[in-house]
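Okay, so here's the structure we're looking at.
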Amino acid sequence: MAAQDIIIRPIITERSMAGIGMKKYTFEVAKDANKIEIARAVEELFDVKVSKVNTMHVRGRLRRQGRTEGYTPAWKKAIVALTEDSKTIEFFDSMM
């Protein structure tokens with residue numbers, strides 16, 4: 001699987017932005033990707049050194065529109081911690 005297929009999009013929330021100071025970045029990733037593949041993809045795409053990867057499955061939420069109801073799709077989230085001597089990811093620097 002290519003690195004572009006593993007990292008789907010960055011997660012831009014208030015909580016994920018608080019982790020940038022500690023060099024922790026949050027991404028939506030492919031459901032079948034494991035921690036090693038995620039670490040390699042981040043290192044390849046952003047040219048940084050990854051120290052740790054935490055992953056979690058986010059369940060779909062019940063949503064209603066009038067009398068019709070359904071679930072949003074489930075997805076996988078990864079929190080990637082960089083090493084102390086690694087540079088930061090420039091994409092997130094422009095957000096702060």
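A few notes on this one:
- Members of the stretch 63-96 that are closer than 24 Å to I6 by Cβ, exposed (fewer than 13 other Cβ atoms within 10 Å of the Cβ) and at pLDDT 95 or above: T72, P73, A74, T83
- Residue check for R9: part of a strand (DSSP E or B) and touching a Gly at 6+ places or on another chain (Cβ under 9 Å): no
- Looking across the stretch 1-56, the residues that are open to solvent by less than 20 Å² (accessible area, probe 1.4 Å), without any contact (Cβ under 8 Å) to a residue 40 or more places away in the chain and not small (G, A, S) come down to I6, I7, V42, V53.
- Residues satisfying the stated conditions in the stretch 22-60, i.e. in contact with a Ser or Thr (Cβ under 7 Å, 6 or more places away or on another chain) and small (G, A, S): S51, G60
The values are calculated or read from the model by the stated rules, or taken from the named source; none is laboratory data. Bear in mind the structure is a predicted one, so any value in this text is a computation, not a measurement. Backbone-built Cβ (ideal geometry, glycine too); neighbour counts: all protein chains shown. With ligands, DNA and RNA removed, areas are computed over all heavy atoms of the protein, side chains included. Shrake-Rupley method; radii C 1.70, N 1.55, O 1.52, S 1.80 Å.
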